[in-house]
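Here the structure is laid out as structure tokens; the discussion comes afterwards.
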Ligand code: GLU
């Protein structure tokens, strides 16, 4: 991988509970990608959601440290970045790229989809309302407030991007939400604005987020922020639980605290993760310094890791 003298990678957990093995593995990969390419590694707590669990951000950081991950500077709290998020929405609005949407989830499901629109795309119900129609629609949902949607460029229904793990990828674009009716800024908007502000030029995250990437690239372009190839993406395979579905807390001892109760130390857990990445032999305990020497993005497993809760090494 080319050596960078600037730029940064990042890990951006949502503080909705303790990190599990899958989260820790993604974090370790993001750290390895950044550190082996000469980048800084930054931390951002994505705490915009009201349902967030106040203490879990701090516990997540502690667990990341215990697994051997370090980062540069103080973690950024997304909830403190509201002014920049609002400025970005204002910039899009000034360019005529934002409209109010009063649709409920039910309205969207019931509406006929627009011709040639990707499956699940917003049908455009509120896109072309006159001022008078908008007032009526607003009054009809009061006291609920409208959401704000992006007016995606006419005819742009998908976008291609290069991914260091998935290869050349393509995903759909529609008039996605920028701000919810309750005033919360949407994930896609916040992540794009914050990554740019933090100087992040390498985004490594779980491949469940790959479908969001075209929307984020579109926002980068519209906001005149760095965009691929100046920003690189790597979407890494998830960890699956014993049933074959994405690993979840119900799959048993999956957090460092739960593993600790079973006598499994963070060093052993890191060894398991390293083994799953082909960076350690089964049962081998490896410090992160060794992982840095062994890591080669080209040799990363391209398939999910099926985790066996009864594994002992
Ligand atoms: N906060 C998101 C999550 O925990 C990740 C955002 C990102 O990496 O872009 O799923």
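The values are calculated or read from the model by the stated rules, or taken from the named source; none is laboratory data. Remember, it's a predicted structure, so these values are computed and weren't measured experimentally. Ideal geometry is used to build each Cβ from the backbone, glycine not excepted, and the neighbour counts take in all protein chains shown.
Please work out if residue 81 is within 15 Å of the ligand (Cβ to nearest atom), at negative phi and crowded, with 23+ Cβ neighbours inside 10 Å. No: the conditions fail for residue 81. Taken as a whole, the condition of being away from the ligand (no atom under 13 Å from the Cβ) and within 26 Å of residue 220 (Cβ to Cβ) does not apply to residue 63.
For every residue, the table says whether it meets (1) closer than 29 Å to residue 207 by Cβ; (2) part of a loop (DSSP other than H, G, I, E, B); (3) under 26 Å from the mean Cα position of the chain (by Cα).
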position	(1), (2), (3)
108	yes, no, yes
118	yes, yes, yes
123	yes, yes, yes
134	no, no, no
137	no, no, no
140	no, no, no
149	yes, no, yes
153	yes, yes, yes
162	yes, no, yes
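In this entry, residue 242 passes the filter for residues that are over 13 Å from residue 20 (Cβ atoms), touching a helix residue (DSSP H, G or I) at 6+ places or on another chain (Cβ under 7 Å) and surrounded by fewer than 20 Cβ atoms within 10 Å (Cβ to Cβ).
Residues are listed down the side, and each one gets a yes or a no for (1) modelled with pLDDT of 95 or more; (2) assigned to a loop (DSSP other than H, G, I, E, B); (3) farther than 21 Å from residue 238 by Cα:
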{"site": "17", "(1), (2), (3)": "no, yes, no"}
{"site": "26", "(1), (2), (3)": "yes, no, no"}
{"site": "50", "(1), (2), (3)": "no, yes, yes"}
{"site": "64", "(1), (2), (3)": "yes, no, no"}
{"site": "72", "(1), (2), (3)": "yes, yes, yes"}
{"site": "89", "(1), (2), (3)": "yes, no, yes"}
{"site": "99", "(1), (2), (3)": "yes, no, yes"}
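Has region 119-137 got any residue that is closer than 16 Å to residue 216 by Cα and more than 16 Å from the ligand (Cβ to nearest atom)? Yes, region 119-137 has at least one match. For region 283-313, filtering for residues that are outside any loop (DSSP other than H, G, I, E, B) and under 22 Å from residue 267 (Cβ atoms) leaves 8. Looking at this structure, is residue 199 within 15 Å of residue 235 (Cβ to Cβ) and away from the ligand (no atom under 13 Å from the Cβ)? No. Annotation note: of 170, 180, 157, the sole residue that is touching a strand residue (DSSP E or B) at 6+ places or on another chain (Cβ under 9 Å), away from the ligand (no atom under 14 Å from the Cβ), under 21 Å from residue 120 (Cα atoms) and free of Cβ contacts under 8 Å to residues at least 40 places away in the same chain is 180. Checked against the criterion of being in a loop (DSSP other than H, G, I, E, B) and surrounded by 18 or more Cβ atoms within 10 Å (Cβ to Cβ), the candidates 230, 280, 253, 234 yield just one match: 280. For residue 30, the criteria (1) under 24 Å from residue 252 (Cα atoms); (2) buried (at least 21 other Cβ atoms within 10 Å of the Cβ); (3) within 13 Å of the ligand (Cβ to nearest atom) hold in every case but one, which is (1).
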